[in-house]
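Comments concern the structure below.
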Amino acid sequence: MSRRKRVAALISGRGSNMAALIEAARAADFPAEIALVLSNRPGAGGLETAAAAGVATAVVDHRAYPDRESFERAMQAELTRAAIDIVCLAGFMRLLSPWFVQCWEGRMLNIHPALLPAFKGLHTHERALAAGVRIHGCTVHLVTPGMDEGPILAQAALAVAPGENAEALGARVLALEHRLYPAALRRFIAPQTAQALQGDPIFAGL
Ligand code: GRF
């Protein structure tokens with residue numbers, strides 16, 4: 001197999017999707033290693049999880065920089081230093097400038113907790129319930145300058161249960177995210193090694 005791609009997971013919080021990527025990458029045949037976890041928040045819980053898993057971590061605290069450009073240049077320096085090939089946004093809560101997005105064009109993925117193009121942005125589970133959708137889920141997509149707009153790589157869907165609240169729905173979608181993101185990353189890097197996920201939810205694009 002060719003050299004494993006070096007992936008950076010960008011986080012702002014608990015990092016459960018990051019942890020799912022780290023876990024998946026432990027498999028010898030996974031085509032990527034999580035070479036760096038980069039957080040814009042020094043207190044992000046995911047930093048401890050990553051360190052405990054033996055993954056290198058870095059913090060670029062956006063509050064320490066006068067503007068978005070200098071913040072992003074500092075992140076870019078960390079990514080370059082770690083010889084990163086692919087960036088996976090995993091609950092990273094800063095908007096990225098066109099400059100940064102262009103640096104990673106075609107090499108930056110995001111996971112979003114809704115079936116895009118529906119419910120871009122925040123509070124997706126509450127909004128899905130308010131809209132009365134019967135099918136909800138999550139999406140892995142390439143990042144382009146428009147928020148939650150890039151080409152869709154893979155999606156996973158589930159049926160909303162009668163009377164389900166946003167918390168319960170969000171927990172079920174999160175469990176789907178943890179299966180979808182590693183599978184989508186694998187397929188993105190090495191389509192020939194991809195295996196379709198099976199089970200009650202619907203996985204598509206894998
Ligand atoms: C996930 O729901 C992800 O889809 C969204 O932010 C959340 C991050 O959760 N982009 P975690 O930090 O991966 O646990």
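The values are calculated or read from the model by the stated rules, or taken from the named source; none is laboratory data. Because the structure is a prediction, the values reported are computed rather than measured. Neighbour counts run over all protein chains shown; Cβ positions are idealised from the backbone, glycine included. Surface accessibility is based on the protein's heavy atoms, side chains included, excluding ligands, DNA and RNA. Shrake-Rupley method; radii C 1.70, N 1.55, O 1.52, S 1.80 Å.
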message = Quick test of your reading of the structure: Val7 fulfils all but one of (1) within 13 Å of the chain's Cα centre (by Cα); (2) part of a loop (DSSP other than H, G, I, E, B). Name the failing condition by number.
response = (2)
key: Segments classed as strands (runs of 3 or more DSSP E), wholly inside the range 113-206, with at least 1 members that are at pLDDT 95 or above and within 14 Å of the ligand (Cβ to nearest atom)   = 135-142, 152-159
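Which is within 16 Å of the ligand (Cβ to nearest atom), more than 16 Å from the chain's Cα centre (by Cα) and either more than 20 Å from Leu153 (Cβ to Cβ) or not polar (S, T, N, Q) (or both), of Gly43, Gly13, Gly54, Gly91? Can you show your working first?
Values: Gly13 fails: more than 16 Å from the chain's Cα centre (by Cα); Gly54 fails: within 16 Å of the ligand (Cβ to nearest atom); Gly91 fails: more than 16 Å from the chain's Cα centre (by Cα).
Criteria check complete, one pass: Gly43.
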ask   = For Ala161, all conditions in the list (1) surrounded by fewer than 15 Cβ atoms within 10 Å (Cβ to Cβ); (2) touching a Phe, Trp or Tyr at 6+ places or on another chain (Cβ under 9 Å); (3) aliphatic (A, V, I, L, M) hold save one; what is the number of the exception?
value = (2)
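Determine, yes or no, whether Ala82 is within 16 Å of the ligand (Cβ to nearest atom) and touching a strand residue (DSSP E or B) at 6+ places or on another chain (Cβ under 9 Å). Talk me through it step by step, then tell me what you get.
Values: within 16 Å of the ligand (Cβ to nearest atom): no; touching a strand residue (DSSP E or B) at 6+ places or on another chain (Cβ under 9 Å): yes.
No; evaluated as a whole, the condition is false for this residue.
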task = Mind telling me which of the residues Glu78, Glu69, Glu149, Glu126 ends up being in contact (Cβ under 8 Å) with a residue 12 or more places away in the chain, open to solvent by less than 80 Å² (accessible area, probe 1.4 Å), on the phi < 0 side of the Ramachandran plot and charged (D, E, K, R)?
result = Glu78
